[in-house]
Every structure is written in C-alpha cells, then in structure tokens.
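The values are calculated or read from the model by the stated rules, or taken from the named source; none is laboratory data. Small disclaimer: the values here were computed from a predicted structure and weren't measured. FYI the Cβ positions are ideal-geometry reconstructions off the backbone, even for glycines, and counts take in every protein chain you see. Areas reflect the complete protein model, heavy atoms only, side chains present, ligands, DNA and RNA absent. Shrake-Rupley method; radii C 1.70, N 1.55, O 1.52, S 1.80 Å.
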Amino acid sequence: MQRRLQNINYLDLVLWLIRVSIIVIVVWGSIATLSDNPYSGRNWIDFIVFGIAQGSMYALIAIGYTLVYGVLFMINFAHGEFFMSGVMTATVFVAGPLSASGYLDRQPVISLLLILAVSMLTSVGVAVLTERIAYRPLRKAPRLVPLITAIGASFFLQYTFRGLYGSEVKPFPQVEALSGKIPFLGTELLESQLVVIIATVIMLVGLYLFVMRTKTGKAIRAVAEDKDVAALMGIDVDRTISITFALGAAMAGAAGVLYALVFRQVHFFMGFLPGLKAFTAAVLGGIGSIPGAAIGGLFLGIFESVGPPLFLDGLNVPAYHQLKDVIAFTMLVLILIFRPQGIIGERLAEKKA
Amino acid sequence: MNILTAKNVTKRFGGLVAVSGLNIDLAQGSIVSIIGPNGAGKTTFFNCVTGFYKVDEGEIIFDGNLLNHKSTDLITRMGISRTYQNIRLFANMTAIENILVGEHPHLKTFWAEAIFRTPRFLKEEKDAEAEARRLLRYVGLAGLGDSLARNLPYGAQRRLEIARALASRPKLLLLDEPTAGMNPNESAEMMRFIKNLRDDLGITILLIEHDMRVVMGISEHIHVLDFGQKIAEGTPKEIQRNPRVIEAYLGRGAASGLEAEGVSATV
Amino acid sequence: MNPEKKFTLRDAVNQGLIAGLITSLISMVGMVELFSKRQLIANLMTTAQVFILLAPALLSYQSARKSAKNNALASGAVTGFFASIPIIVLVLLASAFDLRQFLVNVSPNLISTLTFGQGPVVGSLILVAINTLIGLLAAILHQLDEKIRNPILTGLLWTLLVGMFSEILQERLRAFFGISFTNLIIRSKALQPTVAVILLVGITAIAYFWGQRGASFSERIANQSATQRRNMIIAQRVAFFVLLLAMPLLLGTYLSEVVNNVGIYVLMGLGLNIVVGFAGLLDLGYVAFFAIGAYVMAILTSEGFLGVAQTSFWVALPVSVITAVAAGIFLGTPVLRMRGDYLAIVTLGFGEIIRIMANSDLLKPFIGGAQGVLQIPKPSFFGTSLIQPGQLYYVVLGGVLLAWFVSTRLSNSRLGRQWMAMREDEDVAEAMGINLVNTKLLAFAIGAGFSGLSGAIYASKLTSIFPHSFNLLISINVLSLIIVGGMGSLPGVVIGSLILVGLPELLREFAEFRLWMYGALLIVMMLAKPEGFWPSAITKRELHAHDESIPIEEPAAAD
Amino acid sequence: MKKMLFILSVLVVASMVLAACGPAGPAECTDELGCAVYGPEDPIRIASALVITGPDAQLGLDSQHGVEIAIAMRGNVAGHSVELQAEDDGCNAEGGQAAGQKIVSDPSIVAVVGTSCSGAGVPMSKVISEAGYVMVSPSNTAPSLTDPAQAWNPGYLRTAHNDKVQGAAMAKFAYEVLGLKTAAAIHDGDPYTEGLANAFRESFESLGGKVVAFTAVSKGDTDMKPVLTAVAASEGGAPEFLFFPVFTAECAFLAKQTKEVTGLENTVTAAADGCFSAAAAEAIGEAGNGMYFSGPDLSFSGDTYTTFKEQYNTLFGSDPISVFHAHAFDATNMIFDCIEKVGVTSDDGSLSVGRAALRSCLYATSGYQGITGTLTCNEYGDCADPKISVSILENGEYKRIWP
C-alpha cells in the first residue's frame, strides 16, 4: 500500500518537475535574451508578423482537423495530404501553364481564382474519396483502426502524388501584383502575407457562419453531438460526414494556394509537417472548436517565430532555429498533459477524456 | 458496526449538482438499496465510492479508512467491488480470463517471476485458475469458462460480472441494477442469488434497483434519492408508506428507460 | 457470398472499371515502368506485366465469386474486358498529348509496356484480348473444385515468387552448384521458360497430392498417443532450432545481412507489440528508444573521438537496454493519463524531439550532431570479432529469442491479462484493482527495452550511426509490420518484418515505392484483414465481434 | 500460411542436401587478400553501389551512366570484357552496408565504384575493406571518410573532392574575389551541408574574415524569415555574404526569402552543389539572379570528354543530369588501368587479379590524366584534382566566373 501511494506521488512529481523545468528554461532564456537584447523592436515586430502569416495557414489547415475530430473523434492524419494534393495539382495543371503563357500576370485575379478553384476542388475530391474508401467502412471499428488507416492514407497519398508529379520541387510562379511591400507599424509587410491574413480571416468567419447558421451546418453539429440521435432526426449521417470532410478539405485546398503564394514552391512532402503543426494548433486551441483552431494556429505561428530567439538565444544555444520544431512539439506535449481541453475548448475535450 | 459511512457527500458537474449532502450508513452484513428516479444521483454515488469520481465535499469512510483521495484500484484492493448498470465485461476475453482479472488484487507474484516460471508463480496461477473455476460454478456458469464473455447470453453476462466482482473478495459489493432487463423468473433467481451472497459469504451489499419487487423483497434498508438529495430512508415498509417517495415516483412518472446520470457523466 | 444482394452485369462492369483504374494508377505513379526491366521468365514475362494483369485478375475472380453460378464465367470475362478500358484511355491520351509535362511517369516507355510494344491501336486490341482472357481464366479458376484450384494457385504463386527472386536465387545456386548448372535454370536474372513450366506443374502436383494425402495424414496424427505427439512436437522444435542455427550457412553473406536487418526490425516489432498489441497504447514515437539504445552503444564503445569509454559490446549492451528502459519510464510517465489518439500524437512528438535533438548543433560536442558517431566496433565473442553478417546473425538471433521468450511468458501471465484488460476497458480494469500507472509503465519500459536492445545491436552492426537513421518512418515501419503480421501476434511480427523489410531489401525496385506500399497495405489490411496475416487469437476475436452469432442456449441455472 | 512454410522448408532442405556436391575451389593465388579469378571466356566483373532509387536517384544514375560509358568506351580490359553489377546504396547507412555485403558475397567482383552518399560510404568502406575488396567513390565528399582518425579504411579511395576543399574555395572566393569581410552560413542538419558550412566557416575565419552568424534550419522548414531576420540582426551587423550549402527545396526558400527580409537586401548569397542543377535554378526562379554557386569544375575539356558526352547522349538520350558522372568515369578507368597493371594472365588465357596488389596500385595512382583533371591519390585515398569553380546564376542560366 505504501508503494502504491508512492507511485501516485511519483507521477505528480514528474509532472511538476516537467512544469518547473520548462518554466525555468523559458523564463531564464527570455531574461537572458532581453537583457542582452540583440534584436531591435522592429525585429520583434517582424517576428510576430511572420508568425501571424505562418499561423494563418496553420489555422486554415487546423480547421479540417477540428471539424473531422468534432464529428468522428478521429485524428485525420491524412489531412495534410489533402492540403498538398490540391495545390500540387493546381500548380502543375493550372499555375504552371498560366504563368508560361503570361496570362497570370495579365489577369492575376481571374488566374488566382482559377487556381484556387482547382486546388479546392482537388482537395475536396481527394478527401471525399479517401473518406469513402478508407474511413467509412471502419466507422464501427475499434478506435485505433481508423487512426492507423489514416496514417496509411497519408503515406499512400503522399507517394501517389510523388509518383504522379515527380519528386522535384515545383516552382509556383511569382504573382507580380502581390510582390510589393506595404509599410506597417514601422516595418514592412509583404503583400502576399497581407493577402494570406485577410483571406484567412474571411474564410474562418465564413466557415463559422456556415456551421452556425445554415441547415447543413446544424446537421454537422447534430452529428458531432450524437450520431444516433441525429440519424433518428432524419439527418443523413454519412452524407453529413462527407460534407464535413469536404469542408475541411476545401479550407486546406485554399490554404495550399496561400502557402504557394507566400513560399512560391510546392513539393509532395509539403503537407506532412504543416499537417502535424496544424494538428498541434487545433489541439492548442481546443480541438473541436473552430475559433479554437484559429487562435491555436496564430498562437503556434507566433510561438514558432518568436520562441527560438526569445527563449534560446539568451541561453547561447548554437543554431537555435533548428530547435523550432522541438518548441512546437514540446508545446503540444505540454498542452496535452496539462490542459487537454486547449486554450478555449471545454465541452468536447471533456467528452473525450 | 458500519462498514461504510458517507458524510455529507457532494459531487458537482459544472453547474449541475449530481449528489448533494448525502449521508448514508451501511451496517456490516446488510443488504441495502438505493432507489430513486432517473438522474437522482445513484450511479454517481457509486462512482464516488469507487473513486472513479473525486468527491467535491464531504467524506466517505470505509472500514475506518477515508476513501476520498484514494485511487480506484486502491479502493478495490481495500475491499469494495462493483458491477455496472450496462454490463462492462472484458468482452473479448473468456469468462475465466475475466474472473482471473478480477482476482488480480490477491495475486502476489512479481511480474518478472512469470518470465522464469518460478514455482511460486506456477502455484499461484494454478490456484487462481482453480478459484476462477470455482467462482464460475458458484454463479452457475460451470462449463462456460472458455467461451468469450461477449458470446454469453445476457443473464449469464450479469452473473459473470458478479463473479468477476466476487473474485476480488470484496467486503462490500456494489450492484448497479443487477436485474435490469430480466424477466420475473430471472429476477427472482437473482434475488435468491444476492441473498445467498450475503448469507454464505457475509458480504455487505449495496444495490441500485428499479424493480420494486426486488427492492422490497431483499432490502433490509432503503435510501431514496431525488435530485441528488436523500428524501427518505427506512425499511421497505416505511418507504412504501412515505408520501414524499410516492410523490417523487408517481408525480413524475415511473422509472424506466435510460438512466440520465450515465449521460450527464459523459457530457 | 452475399445471396441477399444480387450481382448484376452492372456490378461486373464496375468491378472491371475499378480494376482498370487501379492498373492505370499504378502505371501513372511509375511502378509499372520501374518493374518493366525485371524479367520474371526470360524473354516472356516481366514483373511489370504481372502488375498490369494483377488487378483485373483479382477483381474478375471477385466478380465470378459474387455472381450466380450460371453466369460466373460471363461476369469474369466482362470484368476483364472493362478493366482494359481505363488503361486504353490512358494509352490513347498519352499518345495524343504529351502528358509527361504534367505526369512525369507517363513516358513512352510506359505506354510501350502497356501495349506490349505494339503501338497504341494494335496494343489496345491485344490488351482487351488479354484482359478478357485473364478475366475468363480467373472465373474458370473460381469455378474449379477447391481441390484443384488451391494447388493451381499455390503453383502460380510459387512460380511467380521464384521468378521475382531469381536474382538472389541465382547467386545462391551459383554458390552451391556452380555456374553451369545455374545457367540452366536462371540466366541473366530471369527464370528459363522450361524451368518455369516445370516448376508450375511440379509445385501444383505436389500441392495437389499433399492436399489429397493431407486428410489421412492429419487423421494419423490425431490417432497418435499423447507421448507420440509430444515426441513429434519436440522433434519439430529441435528441427526448427537446428534450421535457425544453420541459417547463415544456407543463406550466404548477403542474405544473412538481409536476415539481420529483418531481425533488427523483428526485435523492435516485438517491443512495440507489447506496447500496442498487448497493452493497446499506440506509440508513434517508438524510434526514440531505438535511437537511445543505438546512441548509448555508440558513445560507450566508439573508438573515435566521441567515444567516452571504449568499453566492449557486451558491457555496453546492458547499459543501452537499461538506458532505454529508463527513457521508456521517463517519457511514459507524462503521457500516462492520455488515451488513444492523443497518446499517438504525443509520442510522435517525443520521437521527433529526440531526433531533432540528436541532429542539433547543441548536442554536437557530445553525440556528433549531423555527422553522427563513427568507428563503433563490431561485437566480439571470446576474442573473435563478429565481422561477417553470418556471425552477427547469432547476436541478432539471441536478441530476438530473448525478446520472444519474455513476450510469450509475460503474455501468459497475470501481467499479460492486466494488459489485455486495460486494452479492453481502462476504467473497469482500474476498478478491478489494476494499477494503471504501473501496468502502463511496465509496457512502455519493456517495449523500450527491446527497442533499445535492437538499437544497440544496430549501432554495432552498422559501425556508424547518423541521426537521420532515426526518423519517424522507422516508427511507421515498425507499426506497419505489426499490423500486417497481426497485432499482438508474435509470429505475425516475423511475417510482417519479412514482408515489409525483407522484401524491399531483395527487390530494390520496391524501395522506391516502399512507403506507397506501406500506405496501401495499412489501408487494405485495416479494411480487409484487420487481424493481420498471422493473427493472435485475441485480436481475431475483437475484430470480428459483429460477425459471430451468440449462442442462444442458456446453461443450467445456479447450483 | 502453414502450407507455404512447409513447402519453403522442403525447398530449403532440398538445397541443403544438394549443396553437399558443390564445385571445386579457386585457382592458385599468392596475394595476401586473395584474387579475383576469371576463366578465359569470363567477363571481368565490377560493381557499382550508387543511389539509383528514391529522391536522390538522379545523382546516382548520373554516376552509374559514367561507369557504363567507361566500360563501353574501354571495350576490353586485359583481354576480357567487363560486366557491371549495379547495386543501390539507398543513400543511407543500412543501404550502404547491405550493398557492400551483397558485393563481397560475390567473389567474382574485383572492385567497386561507389557510393554516392557519404552516409552510405562509411559502413560500406568498412565492409569492403574488411573483405579485402577495394572501392572508389565518385561522389563521397565527407572529410571523415579519408580521415584516418575517423572513418578511413584501407580499401577506400575517392575521385570526388573533399568538402574541406569546396568550403575553402567558397571562402576564398568570397573573401578574396568579392572582397567581402563578414559572412554568415546556414546549414540544414544534413551531414553534407553541415560539413560544408563548417569548412566554409573555418576557412573564412582563417583568411581574416568574420563569420557573424552560423546557424541552421531543419529539413522541411518553409518559413525561413525568422532565421534570416535573426541573421540580419546578428551582433556583428548584417553579413555581407550569406552561404547556405543546402539542398534544392530549402535552398530555394532561403534564396527567395532573403530578398524579403529587411537588412539582407544587399547581402550576396551563395549555395553549393546541393542546389546546383537545372531543377534548382527553376525552383529558385528570379530570386536567384546574381546568386553564386560552388561546385566541382564542370568545364571539362579535351577529346575524351567530347566523346564521353556523345556517348552519354546516344546511350541515355540526354546531356549529363548531374555533376558526378565524370568522377565516376575517371574512377572506373583508374580501376581498369590498375587491373591491367597487376592482373596476371596465365597460359590458358585466364586472368587473376590480386586484391592487395590492386589496392596498392590504386593508392599509388599519380598524375593520372582523367577528364576531371590530373588525379593523384594521397595516402588516405583522396585522389581528386581539387578544382572547384564558382558560377553565377543569371536569368536561369549558370555562368562560370571563377577561377
């Protein structure tokens, strides 16, 4: 009996140790950096702006995780691949030829809309097919089974698109109309980054209204609440789940185009890491909640951009930017350990626990 | 002597107070029922006793020990064991394996002994298996030891669940609607069985039950809960005459269907 | 199969189109072209052709199986016919436009492979004819009596396998029988046609007679006395161990190397099997413990400037394992309260953190950063350095046998039941008095220990380690092999490793599509055979929960 | 499953039984490491172990083509034809070891051209050397491979330049030719890029320059702006020269984003041969204008290279796709020359090549005229003529400007 008690203490002790050591590193590192102050105020603003731009993309991808998780309680590991498949296809079939013919620079708006449409449609198609073939038959299976299928789907899609379009990095054309800089708070903002931020806000608000106000949105929420009851209410559960996947994938397809606008190159592997990060963002904000995904994405983006110089520079860590992902994953781990409901999530997390 | 004393136990979920200031005393060797309409807090109270929920206020004392901050497994080791309203067997394990898991608190060998098959380990395993077969016979499932739990008929599953709970050699057994879904014959059978448990093994029994025939037939003492509060307690006769109980039941319709506590616990 | 659902012509057409789309997909991702160079049967058949015809054959068989008996043949042929349509569309499109600027693998070479080198028009006609024929043959095969069908399938399978692995076989045959004899059978890495026919007929015949005799044989076994049976089991076991011990002699250097690589994964698989298969904790960061075992071994034994102790392999081995176990407990503790998918993601995060740290400039002074640790000596045994793969084999074998032994013993013990119960229902398990903290930590720790052991052997076998060898894909790989073999099943781990690690090693072309195939395998296995190729009893029960009927009869009442 | 196992074991046992009647032993040989012996009609067998699958396949295939052309152009070696056994090094340590084991299990192979990747080279060098074989790598550049205190083994040589050479060349170019005094270097945690960045740093500092920032990104990173901002804000001020010897994807991100970061607008950027290809130029696009790239000097000249290119075009339908084909060609020919030098032809026309003799012959190579320059091997197997050139990217075309 004495031993049992010790075990419980051991668990709490370890958790406390982790908490304390992380806080010590963060505080000590920040103090050291700030007292040394290698960066100007403008640098810090820059870091934050970069973080917001990156975080917006995380937010858009995170929506897909959150929606699917809300409905199926399943981590759709392949979601990053939906993001990749859309923009890869749009780049190869649309953006490349449009740019080569000069149409892209003559009619940037029409071209971009076309690219966006192709990207979103491809993502949606891939998502719906994946759901139909790989996930739907497993809805009643033990919970690990769909997760494993999703991991399989992720790799399958990645390497299918690698096989289709090749393993090289594909350049995404520079859109002349978006290559300028705009003065902002004493620094300069890239137009493409501004587009990303604005587009993200529009899409998130639109999606939120869709889910909250429309009939389909209500069906989605009903299915998220209780599938059996929803079915009794005459809601076609399978169809609603498909729509949920499609919505998430559409957001991911759009995020893909924004990604390509900012970074101007695409690659078959580009979905994997952003996918993981977006999942982190979704968890951070509180998985299952749309505003949570947005806040989590921004938070993670800023953290990744500001974190390494703030926490690690002062500790004299060599090449500290290498450890950016360590910071992101550490944050994921800490959130899941200490606040699994995320920053604003409450309801769903408890349902899950 | 009281084996279990609950003093002023309160459990809240967010704004909802599931159990509020509940006092229950359980005499050693008695059979006591908790009744009440849906959502009255009966299963929540069970969950508090077994440590699955942490009590917000008040204390639960078992055999002279405070249970409040003890973990579920520890409480089981101290001698409280339970069954579930919606049977929760290890569905993909055989009946014998289920009981063997139940015997867990009494197996003493260190895990590494299993690797070397020490004589002590072999003997313990043999004894455990014999004990499991004995319990299986005791609950009337002899010969079904190797079938999967989920393949057993409903009534057999109920009895297997009790056998599994008995395997930990409890001093107090909590039964959550042991006769739910049974026909009158089966219920009567179960009543006899529960009585025997107490008479043969001296186990104190606390049960949640909706079937009034069962409740009145075997309980020595009854507590009535409504909205998380105790509205009455006494012998079956007293309860039958209590106006508040009658109002609670008849005023709001008889108890049937799904119990709401289970839902509130997971939302 | 599904009598309540009628299989119509339309379904047969659909099946055909699906088969065609599958074939088009594997063509477009480049798999067909890559394999067009590997001949199965000299000048007659390439592996690529097997890939082209595989999906039509399988789905035609499926059509024949599902449709009513009297039109089974027609269904098969229809499916085969329509399977060629999407392929022909692809061929025609590719001949009309230059698809290659979009789809890099739709090359002239691929089109020529798909059309048997006959140009788009004639080639398409041939394709239709062959596909229809294959569909018909598949349907006929289905109509045959099981006693004949199974031997034919066995014969086909083995002939194809021998053809696929003829390169390896060639090397072995040369070593045993000399060049001239080998050339009779296998020339320039492909099976000779006559040999292929002999093999097909021979194996079919053997399988047929074995099937005929099998019944009486098993009857004879059933009639044996208990002692006789026990003797036979002992004899079997002895024979098996002798075979295991004699392996390197049979396999030669290269195949021993392959077996060693497989063994490293078997060892990891056995460890992860405890965590995932027994205890039901999905760990995607399992590579972390492999890395820790490898790095501890490397740092302790390296003769280079990073080595700290230059100890011997045998001293460093237990230290590696203990470190990995400690890491398992340390990393396991914070995640104890998590379940299912959250656990998976967090462990994935841990795995990545460990890899990034190993690769970082921060730890470079201690563990070499990106440049890794070099000059790790191979193990030595009483003064002999185990340089040859055939010698190292015994170290790997020892590790695997140890892990196997521990796994079996634990799974049949109280701890095994605790894990099983925890996997079934954590809350109830806890209410049964099981301490979840201890039980989970034990699973993590033992799993990590096996992985650390594997890593230590790996480091010493490779003589140099780099952080890139410890990426997420290793974890995915190990998880996949457990699933393919069957979760919770020990022989399954071996089968899974052979398929997922051994096969791509032997058929290098597969290396290119390794992850693609892993992905496809994970999905297909989960959909069609979630219990794996060699399922453990318990997983099988669990996954077919809804298939079985519940016995109605209630036994005698309480006594 | 059980039936499969049964048949398998029948096959195994059958082969065991048949194995008893194996062939006779090899011919007489006095070499301490044994000999590769070929009958009068047998071809000489050499192996290649290059990365021919996966994302880096282009690199390996290009080198393999170099080997194949060398064989085709050479015709006969010591009166025997030559057969190539092409293996894959997988570009990782396990792949290198497996390929090595496969090669040394074949006694008819006399020498190896490989590996492509240094990571595969480390274990393979050990396997090959311990078995008494010899390998010549056309594209390993890691310094450790020819460092006797690290991963050098007696059967290892290379015709590719050591990273130290390339790093030093870039430093020299930046400091002396461009006249820039402050620099920064970024690597991506790959052993190759990390080694190169370190070599650059050492050389640049020893020339008298100042390295104001030495940092790293991770593979797969896309947003490089934070790290670039940090570089711009380094203590010694924004660097005048920024060297990031990383591979195509990260290289293109860095090149594009450098232009977008305040403080680095005027910084000269440079990369190395990991980002020196037509595909990379396309990926970088306009942002690459005026960017410098270091790499092995590809301005090969002479009749041999002209013939080589023609052959390459006829055999493989394209111009060389990467940079190491020439090194592979030279490596193969060095091996052939030495086989002819040390091979002993007996009266019946059979050839015996002593392995130790072949090794020492290769190590003794001096003043060999190859298409990559004049090759002389040092005592640890570095044979390359250290000619590194720097090119500038202008409108998608590389133009060699130095030396």
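Work out from phi, with θ = phi - 60° and the Karplus expression 6.51 cos²θ - 1.76 cosθ + 1.60, the ³J(HN,Hα) of each residue of segment D:202-207, listed in order in whole Hz, and give x for Gly and Pro.
Values per residue, Gly and Pro as x: 4, 5, 4, 5, 6, 6 Hz.
What quantity of accessible surface, computed with a 1.4 Å probe and excluding non-protein components, is buried in total between chains C and B, in Å² to the nearest 100?
3800
Distance in nm between label sites at A:Val109 and B:Arg213, each 7 Å beyond Cα in the beta-carbon direction?
Those two pseudo-labels are separated by 7.9 nm.
Which whole-Hz ³J(HN,Hα) couplings does segment D:384-398 yield from phi under the Karplus relation 6.51 cos²θ - 1.76 cosθ + 1.60, θ = phi - 60°, glycine and proline marked x?
Each residue's phi maps through the Karplus curve to give 5, 7, x, 9, 10, 10, 10, 10, 10, 9, 9, 6, x, 10, 8 Hz.
Within 10 Å of each Cβ in D:31-37, how many Cβ atoms from other chains are there, averaged over the peptide?
Details: counts 0, 0, 0, 0, 0, 0, 0.
Counting Cβ atoms of other protein chains within 10 Å of each residue's Cβ and averaging gives 0.
Go ahead and set up a Gaussian network model of chain D, Cα springs under 10 Å, then flag whichever of D:Gly155, D:Gly343, D:Gly237 fluctuates most.
Of D:Gly155, D:Gly343, D:Gly237, the most mobile in the Gaussian network model is D:Gly237.
Under the rule of -39500 (n - 2.57) per DSSP H run of 4 or more residues, summed and divided by the residues of chain B, what mean residue ellipticity at 222 nm is obtained, to the nearest 500 deg cm²/dmol?
-12000 deg cm²/dmol, from helical runs alone.
Of the DSSP beta bridges with both residues in the protein assembly as shown, give the percent that are antiparallel, rounding to the nearest 5. If you can, show how the numbers build up before the last one.
Details: 54 of 103 bridges.
Roughly 50 percent of the beta bridges in the protein assembly as shown run antiparallel, per DSSP.
Would you list, by chain and number, the lysines whose Cα falls below 25 Å from the Cα of D:Lys181, excluding same-chain residues fewer than 8 positions away?
Reachable lysines: D:Lys164, D:Lys172, D:Lys210, D:Lys225, D:Lys256, D:Lys259, D:Lys387, D:Lys399.
Relative to the longest principal axis of chain B, what angle (0 to 90°, nearest 10) does the C-alpha long axis of helix B:154-167 take?
Tilt relative to chain B: about 70 degrees.
Within 10 Å, at most 13 other Cβ atoms, and a DSSP state outside H, G, I, E, B define an exposed site. Report the longest part of chain C free of exposed trypsin sites (Lys or Arg not before Pro).
That gives C:38-559 as the longest site-free run.
Where in chain D is the longest stretch that carries no GluC sites (Glu not before Pro) classed as loop by DSSP and with at most 13 other Cβ atoms within 10 Å? All intermediate terms of the calculation are to be shown ahead of the outcome.
Values: sites that count: D:Glu28, D:Glu32, D:Glu41, D:Glu235, D:Glu265, D:Glu379.
After excluding every exposed loop site, the longest remaining stretch is D:42-234.
Could you grab the relative contact order for segment D:274-357? Cα pairs under 8 Å, six or more apart, rounded to a whole percent.
Dividing the mean separation by the residue count of segment D:274-357 yields 16 percent.
Tell me the chymotrypsin sites (Phe, Trp or Tyr not before Pro) within segment C:367-458 that lie in a loop according to DSSP and have at most 12 other beta-carbon atoms within 10 Å.
C:Phe382
Keeping the other protein chains in place, figure out the carbon and sulfur percent of the accessible area of the protein assembly as shown, with a 1.4 Å probe.
Carbon and sulfur: 62 percent of the exposed surface of the protein assembly as shown.
Within segment A:195-213, what residues put their amide N at less than 20 Å from the label point 7 Å along the Cα-to-Cβ vector of A:Lys181?
What the label zone holds, given the 20 Å backbone N cut-off, is A:195-198.
With a 1.4 Å probe, how much accessible area is buried between chains C and A, both sides summed, in Å² to the nearest hundred?
5100
Based on DSSP H runs of at least 4 residues, each adding -39500 (n - 2.57), what is the mean residue ellipticity at 222 nm of chain D after dividing by all its residues, to the nearest 500 deg cm²/dmol?
It lands at -12000 deg cm²/dmol.
Which residue, D:Ala151, D:Ala279, D:Ala47, tops the fluctuation ranking in a GNM of chain D built on C-alpha contacts under 10 Å?
In this elastic network of chain D, the residue with the biggest mean-square fluctuation among D:Ala151, D:Ala279, D:Ala47 is D:Ala279.
Measuring from centroid to centroid over Cα atoms, what is the spacing of segment B:8-44 and segment C:84-107 in Å?
So the two Cα centres are separated by 72 Å.
List, by residue number, every residue in segment D:218-237 with a reduction of 40 Å² or greater in accessible area between the chain on its own and the complete protein assembly, 1.4 Å probe.
Output list: D:Ser218, D:Asp221, D:Thr222, D:Asp223, D:Lys225, D:Pro226, D:Thr229, D:Ala230, D:Ala233.
Using the heavy atoms of the protein chains alone and a 1.4 angstrom probe, what is the accessible area of segment B:114-233 per residue in square angstrom? Please report the intermediate quantities before stating the final value.
Details: 4820 Å² over 120 residues.
Solvent-accessible surface per residue comes out at 40 Å².
Over segment C:231-325, calculate the relative contact order: mean separation of alpha carbon pairs under 8 Å at least 6 apart, over the residue count, as a percent.
Working: 52 pairs, mean separation 15.5, N = 95.
After rounding, I find 16 percent.
Straight distance only, please: which lysines reach the Cα of B:Lys54 with their own Cα at less than 28 Å, same-chain residues fewer than 8 apart left out?
A:Lys351, A:Lys352, B:Lys7, B:Lys11, B:Lys42, B:Lys70, B:Lys171, B:Lys230, C:Lys440
Please label the shape of segment C:3-212 as rounded, prolate or oblate, based on the square roots a ≥ b ≥ c of the eigenvalues of the alpha-carbon gyration tensor (a/c under 1.5 means rounded; beyond that, a/b larger than b/c means prolate, else oblate).
oblate
Take each uninterrupted DSSP H stretch in chain C, measure its Cα extent along the helix axis, and return the ones at 24 Å or beyond whose mean Kyte-Doolittle hydropathy is at least 0.5.
Long hydrophobic helices here: C:9-28, C:47-66, C:72-96, C:120-143, C:146-164, C:193-223, C:226-272, C:313-332, C:340-359, C:389-411, C:436-462.
Roughly how tilted is helix D:118-130, in degrees to the nearest 10 and between 0 and 90, from the longest Cα axis of chain D?
Its long axis makes an angle of about 30 degrees.
For C:Leu267, C:Leu169, write out the residues from largest to smallest accessible area, computed with a 1.4 angstrom probe and no ligands counted.
C:Leu169, C:Leu267
Kindly compute the accessible surface that chains D and A hide from a 1.4 Å probe when together, both sides summed, and give it to the nearest 100 Å². Each step should come with its number before you reach the end.
On the way: alone 17460 and 17470 Å², together 32230 Å².
Using a 1.4 Å probe on protein heavy atoms, the buried area is about 2700 Å².
D:Lys210 to A:Ala32: FRET efficiency via 1/(1 + (r/R0)^6), r the Cβ-Cβ distance, R0 30 Å, to the nearest 0.05? Walk me through the intermediate numbers first.
Details: r = 24 Å, r/R0 = 0.78.
Result of the calculation: an efficiency of 0.80.
Using the Kirkwood formula on the Cα atoms of chain C, what hydrodynamic radius do you get, in angstrom to one decimal?
It is 26.6 Å.
Would you list which lysines come within 18 Å of A:Lys218, measuring only between C-alpha atoms, while excluding same-chain residues fewer than 8 positions from it?
A:Lys227
Would you mind finding the longest exposed-site-free stretch of chain C, with exposed GluC sites (Glu not before Pro) meaning DSSP loop and at most 16 other Cβ atoms within 10 Å?
On the way: sites that count: C:Glu4, C:Glu303, C:Glu548, C:Glu553.
That gives C:5-302 as the longest site-free run.
For chain A, what does the alpha-carbon gyration tensor say about shape, rounded, prolate or oblate, given a ≥ b ≥ c as the root eigenvalues, a/c under 1.5 as rounded, and a/b over b/c as prolate?
oblate
Could you work out the relative contact order of segment C:3-212? I mean the mean sequence separation of Cα pairs under 8 Å and 6+ apart, divided by the number of residues, in percent.
Relative contact order comes out at 24 percent.
May I ask you to give the solvent-accessible area per residue for chain C, in square angstrom, as obtained with a 1.4 angstrom probe?
Heavy-atom SASA per residue in chain C reads 40 Å².
Once the convex hull of the C-alpha atoms of chain D is built, how many Å³ does it hold per residue, rounded to a whole number?
Roughly 172 Å³ of hull volume per residue.
Just give the residues from segment C:372-390 buried by at least 30 square angstrom of accessible area in the all-chains context relative to the isolated chain, probe 1.4 Å, and say none if nothing qualifies.
By number: C:Leu374, C:Gln375, C:Lys378, C:Ile387.
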